[in-house]
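Before any comments, here is the structure.
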Amino acid sequence: MAAEGGAKARDALDALTKVCGDVRPGEPEEGVLGVVPGVVAAPATSAEAAEVMRTAAELGLAVVPRGAETRLDWGAPPARCDVLVDTARLDQVVEHAAGDLVVTAEAGLDTGRLAEVLAERGQRLALDAPLPGSTVGGTIATAAAGPLRLLYGTPRDLVIGLTVIRADGRVARSGGKVVKNVAGYDLGRLFSGSYGTLGLIVEATFRLHPIPAAQAYITCDLTDATRAYEAVQAVLHSPAVPSAVEVVSSSQDGLTLGVLLEGVPEGVAARTEQVSALLGAAGTQVRTAQEPPEWWGAYPDGTTLIDVTAPPSALATLLEHRTEGVSLSWSAAGHGYLGLTPEADPAGTLARVREDLGGRHNGAAVVRYTPEAVRNEIDLWGPVPAFSLMRRVKEQFDPENRLSPGRFVGGL
Amino acid sequence: MESPALQALARRCERLLGTEAVISDPVRLRTYDCDGLTTHRATPGLVVLPESAEQIAAIVRACAEAGIPYVARGSGTGLSGGALPRTDGVLIVTSRMRRILEIDIANRRAVVEPGVINLDVSRAARPYGYYFAPDPSSQQICSVGGNVAENSGGAHCLKYGFTAHHVLACEIVTPDGEITELAAGGPGYDLLGVFVGAEGTLGITTKITVRLTRLPETVQTLLAAFGSIEAGGTAVSAIIGAGMVPAAIEMMDALSIEAAEAAVDCGYPPGAGAVLIVELDGPAAEVEHQFGEVERLCREAGAFEIRVAADDAERALIWKGRKSAFAAVGRISPAYLVQDGVIPRTSLPGVLAGIDALSAESGVRVANVFHAGDGNLHPLVLFDDAEHGAAERAEEVSGKILDLCIEHGGSITGEHGVGVDKSRYMPRMFTETDLDTMQMVRCGFDPAGLCNPGKVFPTPRLCGEVPGFRKGVHPLVEQGKAEQF
Amino acid sequence: MAGERDERDGAEPRGLPELLGDCVHCGFCLPTCPTYVLWGEEMDSPRGRIHLMEQHQEGAPMSAPMVQHFDQCLGCMACVTACPSGVRYDRLIEATRATVEEEHARPLPERALREAIFRLFPYPNRLRALRGPLRAYQKTGLERLVRRSGILERLSPSLAAMERLAPPLSRSPRLPERVAARGERRATVGMLTGCVQREFFPGVNAATARVLAMEGCDVVIPARQGCCGALSLHSGREEEATAFARRTIVAFEAVDVVVVNAAGCGSAMKDYRDVLAGDPEWAGRAEALSAKTRDLAEYLAELGPRAPRRPLPVTVAYHDACHLAHAQGVRAQPRALLAGIPELTIKEIADPEICCGSAGTYNILQPEAAAELGDRKAANVRATDAELLVAANPGCSMQIATALERRGARLAVAHTAEVLDASLRGLGREALVPRAG
């Protein structure tokens, strides 16, 4: 087996070297959840990336994309990894049409760098996904988003055009570079959160928003879960239009609530008063700052990260799961994370959360990362409605099962 | 209904749904021969009016077994022929599935059946201070199921987004006849994301969970009159450039103003070459500040008259002309085509000059109405249907306008959808591979190609043998009847 | 209203094909169409019926299914209000109904029922035979046809409901030919007494005359007036309708204004100009009559209040009769009149644009659909928690009252004129609503 694998890797290396300027053997420390790539290829252009994918198709190689590795440990390990396609050299801002509030960027571009470019024209991509250094492509592939999801949504809501390389090496585009567009299927949404299993994302076009002139972070500490829930509901149903409403807890009894308001200075000032009054009604001291508190938008600590999607009212249920070693962050949009220490019984906690959220709230809990030992004994994804449709779509895009095989739900 | 297969299906549907829910006589069937786009007509082979997901699933299974195509239809208001029936197929009409099942304010959502009318969702949510944000101009009659199929927008989608951004989950009947749920944010692929806007080609939605949006604290609307479209365009750029995202920015040119005046006597400032309607909404303190800014920017761009709506009645008056514009064009022209193209907003001057040139060259008049904030143009191409060849000339001009949009990096449709009307333009915007890739999704959902066939894509893709991985050469390819990708 | 959506400038009077061509198939009429609301079928929407008319125009025979869907149209004209393209569905359906009567042979029992209706309603004398204790109708001198058609059985529940629910003080003597203005005279007006109104709601006519007089009008009530022809006109019985129209024109030629308190009648009289447009001898006279016809509320609003209003502490639900709201565009005036009464509270009924199902003869000819619509309206009326239902059409009042009774609810009903009358005369709420308990 090993000798055969070595021969395959050598063939791959030879073939890929002919079509791509940066190809080398994979190193052990480059393993994707322990699966060491045979070859690492870093195409510099979409055309080169297409050649890499075409060559991989010809040789029947399994391909796993890699951005900045910030979320490479999410999901399941690939069943095979013959070629790791590193998008690091695909790092250009292709076009920033500031007048149209639209940007096109290559997949390997650092989102922080993108933000700098946009800020020069007073604009931003309203995705505050945690983990600095994440790439454009990786953010889309993992559907990562932060607190701003309450007002602006997740990558699916902001990607307006996407270019991918298919399993067979052909370049396919969907959407375009205008915000309003209903021509054809929206593959941007399909590829959001697809973990590299449908194709290689090489370029994306996003709708942008102006950077607000003023912002205010209003925070308060609470001990009572019911009060916290009621305070979140009060802000949510108020006309203050918060950009984000977050609840975090890192211990059994402490809860912190944070609201982000953005707009013109006069407006933010008036709305800060409104929101402060609502929070103050919970009988607690309210703080206001122009800068985010240090916990803002971070994943909760722990060696296991559980991603929870459920309606806003599920917060009350979720707060019941605060036990020793479990920290939590929750966006009032209906999405949150649980961070678990190894002592917190990840498998048991996961089972309890799924039971509570699944039945009462039609919610879902997905494990993003966890130690290998835990991973082997749990189902990372939980029940997947419409799985047979997903499998059939995967079979269409990747009939030979070579794109990040096994990384995704149900072994896709 | 000549075909024995259809007759057999009709009997089966009658057993499943009752005779009251099955229409099979030719006179009645013909009333379903088109949706809001009357230039494409086809009398359906059979019409059924189900009242539940289970009934739809049973019909779809029956169609799948018999190999009969089917098309779903809501209120029949689409403008691209997306619900054009098949003469050899079944039209599944959801107009009897119109219950609002739940209004869940704590979770800011509502659960509705597909036949529920868009505006009725907002009406039901209004007492709680909420509404359903997508507001296509047909919102008083279009169905939420249709909105899902078309990913409908509206004048206010500049700020609030489209249906895709306001649908949290859909229960659907798959082309296999299974009832399943697609939800946003759950584990697995975002099938909901691709289902919304797929124009009914991936299945039939039977229950929709929509997001409700808090009613804004304040709404402010102004009407600004400019000497020319260019001046109006400058104002739009200035407003966007100043970092504002108004709820809506709408523009009308002189010809469409003339039509609206003829129809509803909206009293827009005389002599205007263009009027701009700008609406801001949100927290009072924000809106107040920005509204002054909008007024200033309009004046700087050369607005010679600005009217600010003092109350809802005045706001309605400002919107009246804009909202009546399409129907009103009938007052200045015996017939017209409504086009729906999109351009990057900054290309507006160039594209309008191009449309002017096309109009001058062909002698075909074009009135322009736009969602100026997001570059969505609705050129109304006027012609006299009594005049020989006029319709063809109008069609040609209309097509060339789309070419202009594509040249400027835009789209062939911003909100009306592709349907049957524009599938032939798809290859101008997308490559063969692009279209093939989109159709992979369709092959995953509907390998037999029975669900609303002939829409969106100019040529169907061969789906191969599904499920299971394809091995070897497909028989049709071998026989030279098809090409495999 | 009529002027706004009338002929396009400078055009010839437009025929059926042109009128049909105005429809762009947008579907905005669908949600306001009562039958579409009930059944959700294209053929039972205005857009679908126009499609059927087009099919007929193109040569398809007037088949039974077509006739069924035309018959099921209530003629409420809500679609005319909703249409952004100005389609004259009112004229289309009237013309189509006439064609149906010409081309379609109805089954015998249906023919008998229709015949009975048109031999009964337009004739106050015959209607009178139905008044009083209802069992009397079996013995009276009604024609055999009327007795055998089943119409009386269909009518009796509504009539019985009305007997119970009409304002308690409504017994009134027959009206004289002239009622003099109180105080300084502001105008002289003619008054139509109607058929059903006159025989079943004489109190409404009496109240109308008193209110007009108290507001300073000399009221002329020609004894020789008959039916205005509304029922015939709205049912495609063209010849009958024009005969009634001519007679009505003659009866009111001497006055400057004709005040009508029944919505269906007012709407028909405003349409005389279209009905007789093709008749050179009558066109001008019809135009003149249409131009001077006013609904009572419309007229009182134009005239402006003079007589002092006295308090009426009562909560009313105001119902828009289709032939007032949709056909005549009179919505604000009755509400304004009611709002002008001290201590009176007006409640709005949900879905005001949807017909109650009465629609002239509809509740007799399409009893099931009518009952369903009546039930919907009754539910919306009940939801207002009002003590009194106010409407300006006798058919609506009967229809809604009957539907409410089916739900086990009793609600007093009154015409706008009766409410005003009670206020002007200071009769207090007891004149309109029965004492609690």
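Since every read-out is calculated from the coordinates, none of them should be taken as a lab result. Predicted model, so just to flag it, every value in this text is computed and none were measured. Cβ: placed from backbone, ideal geometry, glycine included. Neighbour counts: every protein chain shown.
Within region A:74-88, list the residues whose amide N lies under 15 Å from a label point set 7 Å along Cα→Cβ of A:Asp11. Counting backbone N atoms under 15 Å from the label point, the list is A:82-83. Axis of helix B:390-407 versus longest Cα principal axis of chain B: the two differ by about 80°, to the nearest ten degrees. Counting Lys and Arg as +1 and Asp and Glu as -1 over every other residue whose Cβ lies under 14 Å from the Cβ of A:Asp128, the net charge comes to -2. Against chain A, whose longest principal axis is taken from its Cα atoms, helix A:2-19 shows a tilt of about 90°. In the protein assembly as shown, helical runs assigned H by DSSP with n ≥ 4 each contribute -39500 (n - 2.57); averaged across all residues and rounded to the nearest 500, the mean residue ellipticity at 222 nm is -11000 deg cm²/dmol. The calculated FRET efficiency for C:Arg91 paired with C:Asn125, based on their beta-carbon distance and R0 = 35 Å, is about 0.60. When each of the peptides C:181-187, B:175-181 is scored by the mean number of other C-beta atoms lying within 10 Å of its residues, the order from highest to lowest reads B:175-181, C:181-187. Dipole magnitude for region A:214-289: computed about the Cα centre from +1 point charges on Lys and Arg Cβ and -1 point charges on Asp and Glu Cβ, it is near 60 debye. Spatial offset of region A:142-196 relative to region A:264-293 amounts to 35 Å, using the alpha carbon center of each.
Between A:Ala228, A:Ala49, A:Ala213, the residue with the greatest mean-square fluctuation in the GNM of chain A (Cα pairs under 10 Å linked by springs) is A:Ala213. Assuming charge only on the beta carbon of Lys and Arg (+1) and of Asp and Glu (-1), the dipole of chain B about its Cα centre is about 960 debye to the nearest 20. Between the listed residues A:Gly336, A:Ala44, A:Ile201, the Cα displaced farthest toward the positive end of the dipole of chain A, a dipole computed from Cβ unit charges relative to the Cα centre, is found at A:Ile201. Normalised by the number of residues in chain B, the average gap of Cα pairs under 8 Å and 6 or more apart makes the relative contact order 13 percent.
If R0 is 35 Å, what FRET efficiency do you get for B:Thr218 and C:Glu343 from their C-beta distance, rounded to 0.05? Result of the calculation: an efficiency of 0.50. Listed by chain and number, the aspartates and glutamates whose C-alpha is less than 19 Å from the C-alpha of A:Lys18, apart from same-chain residues fewer than 8 away, are A:Glu48, A:Glu51, A:Glu58, A:Asp82, A:Asp86, A:Asp168.
Annotation for B:Glu14 and A:Asp221: the two label points, set 7 Å from Cα along the Cα-Cβ direction, are 7.5 nm apart. Count Lys and Arg as plus one, Asp and Glu as minus one, and take only other residues whose Cβ is under 12 Å from that of C:Asp421; the net charge is then +2.
Spin-label model, A:Glu120 to C:Arg425: label points 7 Å out along the Cα-to-beta-carbon direction sit 8.6 nm apart. Averaging the sequence gap over all C-alpha pairs within less than 8 Å and six or more residues apart, then dividing by the number of residues, gives region A:263-412 a relative contact order of 20 percent.
Per residue of A:259-272, what is the mean number of Cβ atoms on other protein chains within 10 angstrom of that residue's Cβ? Partner-chain Cβ atoms within 10 Å, mean over residues of A:259-272: 4.
Fewest-first ordering of B:Lys455, B:Lys320 by other beta carbons within 10 Å of each residue's beta carbon gives B:Lys320, B:Lys455. Placing a label point 7 Å from the Cα of B:Glu54 along the Cα-to-Cβ direction, the residues of region B:3-41 whose backbone N falls under 13 Å of that point are B:16-17. Between B:Glu102 and A:Asp301, the modelled label-to-label distance comes to 3.8 nm, taking each label 7 Å out from Cα in the direction of the beta carbon. Shown for C:Phe118, C:Phe252: other C-beta atoms within 10 Å of each C-beta, ranked fewest to most, produce the order C:Phe118, C:Phe252. Taking Cβ atoms as reference points and 14 Å as the exclusive limit, the residues near B:Ala272 contribute a net charge of -4, counting Lys and Arg as +1 and Asp and Glu as -1. Ranked by how many other Cβ atoms sit within 10 Å of their own Cβ, fewest first, the residues A:Met53, B:Met426 fall in the order B:Met426, A:Met53.
Axis angle, to the nearest 10 degrees, between helix A:387-397 and the longest C-alpha principal axis of chain A: 40 degrees. Counting only DSSP beta bridges with both residues in chain C, tell me the antiparallel percent, nearest 5. The antiparallel proportion sits near 10 percent.
Under the combined filter of DSSP loop state and at most 11 neighbouring Cβ atoms within 10 Å, region C:222-295 retains these trypsin sites (Lys or Arg not before Pro): C:Arg224. For B:Lys159, a cut-off of 30 angstrom between C-alpha atoms picks up these lysines, skipping any fewer than 8 places away in its own chain: A:Lys177, A:Lys180, B:Lys207, B:Lys320, B:Lys323, B:Lys400, B:Lys422, B:Lys455.
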